[in-house]
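Worksheet: the structure to be examined is printed underneath.
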Amino acid sequence: MTDSNGSLLVMAKPIGSTCNLKCRYCYYLDKKSLFPNRKHFKMTDSVLENLIKNMVESNMGTTLHFVWHGGEPTLMGIPFYEEVVRLQHKLVPNDWKVINSLQTNGTLLNKEWAKFLASEKFEVGLSIDGNFRLHDQIRVDKAGRSTHRRVIGGLNHLREEGIDPDILCTLTSNSTGHPIEIYEYFLDQKVRWLQFLPVVIIRDDNSVDPISVQGPSYGAFLNKIFDRWVRRDLEKIEIQTFVESLLAFSGNGNSLCIHSPTCGNALVVEHEGSVFSCDHYVEPEYHLGNIDAIPIREMLMSDFQVDFGKDKAVNLSTQCQGCKYLFACNGGCPKHRIKNSDNSAQNILCEGYFAYFDHAAPYLKRMVELARTRGSLKYIMEEIKISEILKTGENKIGRNDPCPCGSQKLYKKCCMTL
């Protein structure tokens, strides 16, 4: 991926699809079949050095972003990442910025891991699917055993070293029925950044796996949480979907690939150097080459990859093209589109996206106004509180009454001026 300054991001898979868990929705475990002649799925030091050199030579900016993914990347062990850091210091110009992000299931994190990640300033994404009841239904190890306790142990080790990880919560057809239970769990855990990832598995025969999230339930899930968040929790937790929506409604576009007009900027580098178009398209027809032979930027700018990114917009359905929320949604992820009888393709989550945007739009627009005029989004919580008090008709607020927002100021000197 490149930003507006030409800086480069890749998603590196040093362990391939190897993992110590067997999550029931995982789309990556079967990727070993792409490498039938390989017995060992570990990135060698030579491939690692080549990756970093290639990134440096391909970069058009002054920032490099390495996302260490899997499979489970901690299976590589700390020495591998010590070598990562050593080679980055050796090969990356001193005036450049290097970002290392580790996406982990957290089960192998201990004090040693946490100390290393903190000392080398790694960003950490941690997968937790809610409380133990919901998490352990889906995220089990290869023996079918629960993992929640181990994940929370890993979270605690990170926090002891000052790392507050981003939390990724994968949603299924079951878990979308429990929005407040999930949300309150993460509030209780004092999570500061939360990302929801809806599972969508469309089979080769165009049928949908029952574990997949459906549009209506996804919209209802988001709306339930949004209503709670916008009224009470703006200063407690950031939720990626809502933050992205604010960017779109403020006219600043989308930073998240699924809601950008085009995609194709986040290349995947497998353990032996193979490069693919996207994490959701690690398939033979989307194999771009190998870093041993082709510069990453050349693959990123190839006609095939550019067309891959443009296809997202080119193949938008008529329904999407005429949608009033196209600017915020852009059709979602192409991998989530299912073919209709007329051979057009519609995102399976479309109805949910529309329900969410339609519900949240008045609040998002007001939040944009408040951010521009008052510099803080928190005022919308006060506005909503006052509005709902006044709607009940039970309270009439005088100019010199205490403001109902709880600020301990007079109404005329507080929310009356909003």
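Could you work out which residue, out of ILE397, ILE180, ILE152, moves most in a Gaussian network model of the chain, that is, has the largest mean-square fluctuation with Cα springs under 10 Å?
Most flexible of the set in this elastic network: ILE397.
Near LYS31, which aspartates and glutamates are there with a Cα under 12 Å away, not counting those fewer than 8 places off in the same chain?
Partners within reach: GLU270, ASP279, GLU283.
Could you quote the convex hull projected area for region 167-270, Cα atoms only and averaged over all directions, in nm²?
8.6
Can you give me the distance in nm between label points at LEU91 and ASP307, each placed 7 Å from the Cα along the Cα-to-Cβ direction?
The two pseudo-label positions are separated by 3.1 nm.
Over all distinct alpha-carbon pairs, what is the Kirkwood Rh of region 209-347 in angstrom?
It works out to 17.1 Å.
Let me see the pair-distance distribution of region 1-160: every alpha carbon pair, 10 Å bin width, integer percents in order.
In whole percents, the pair-distance histogram is 10, 36, 34, 18, 3.
Would you mind ranking ARG337, ARG231 by Cβ crowding within 10 Å, fewest neighbours first?
Ordered by Cβ neighbours within 10 Å, fewest first: ARG231, ARG337.
State the extension gain, in nm to one decimal, for the chain segment bounded by GLU298 and ASN343, taking 0.36 nm per residue of separation less the distance between their alpha-carbons.
Length difference between fully extended and current span is 12.9 nm.
Can you give the charge dipole size of the chain about its Cα centre, rounded to the nearest 20 debye, using +1 on the beta carbon of Lys and Arg and -1 on the beta carbon of Asp and Glu?
1300
Give me the number: length gained by fully extending LYS53 to GLU235, i.e. 0.36 nm times residue separation minus the C-alpha to C-alpha distance, one decimal in nm.
Taking 0.36 nm per residue and subtracting the Cα distance, the gain is 61.4 nm.
Work out from phi, with θ = phi - 60° and the Karplus expression 6.51 cos²θ - 1.76 cosθ + 1.60, the ³J(HN,Hα) of each residue of region 21-27, listed in order in whole Hz, and give x for Gly and Pro.
Each residue's phi maps through the Karplus curve to give 10, 9, 5, 5, 10, 4, 9 Hz.
Grab the Cα-Cα distance for ASP164 and ILE99, subtract it from 0.36 nm times how many residues apart they are, and report the gain in nm with one decimal.
Details: separation 65, 0.36 × 65 = 23.40 nm, distance 1.60 nm.
Between ASP164 and ILE99, full extension yields 21.8 nm more.
Would you kindly give the portion of the calculated P(r) for the chain that falls above 40 Å, as a percent of all Cα pairs?
On the way: 18164 of 87153 pairs.
Here the long-distance tail beyond 40 Å is 21 percent of all Cα pairs in the chain.
Using the crude model of +1 on Lys and Arg Cβ and -1 on Asp and Glu Cβ, and no other charge, please compute the dipole size for region 210-343 relative to its Cα centre, in debye to 20. Before the final figure, lay out each step's value.
Working: 12 positive and 16 negative charges, 176 e Å.
Computed charge dipole of region 210-343: roughly 840 debye.
In what order do THR172, THR373 fall by count of nearby beta-carbon atoms within 10 Å, going from fewest to most?
THR373, THR172
Could you give me the ³J(HN,Hα) list for region 339-355, computed from phi with Karplus coefficients 6.51, -1.76, 1.60 and θ = phi - 60°, whole Hz, x at Gly and Pro?
Once rounded to whole Hz, the list reads 6, 8, 4, 8, 6, 6, 10, 10, 5, 5, 9, 3, 4, x, 4, 4, 4.
Would you grab the residues whose amide H sits under 5 Å from the one on VAL124? Only those 5+ places off in sequence or on another chain, please, with H modelled 1.01 Å from N.
Those qualifying (amide H under 5 Å, at least 5 residues apart or on another chain) are LEU102, ASP166.
In a Gaussian network model over the chain where Cα atoms closer than 10 Å are linked, find which of ASP209, ASP166, ASP136 has the largest mean-square fluctuation.
ASP209
What order do you get for SER119, SER260, SER17 when you list them from fewest to most C-beta neighbours inside 10 Å? Please list the in-between numbers first.
Values: SER119 10, SER260 19, SER17 22.
The fewest-first ordering by Cβ neighbours comes to SER119, SER260, SER17.
In Å and on Cα atoms, what radius of gyration and Dmax does region 1-87 show?
Rg, Dmax (Cα atoms, Å): 14.3, 40.
Relative to the Cα centre, what is the charge dipole magnitude of region 1-84, using +1 at the beta carbon of each Lys and Arg, -1 at the beta carbon of each Asp and Glu, and rounding to the nearest 20 debye?
Computed charge dipole of region 1-84: roughly 560 debye.
We did not get these values from a lab; they are worked out from the coordinates using the rules stated. What you are looking at is a predicted structure, and each value in this text was computed from that prediction instead of being measured. Heads up, the Cβs are rebuilt from the backbone with ideal geometry, glycines too, and the neighbour counts pull from every protein chain shown.
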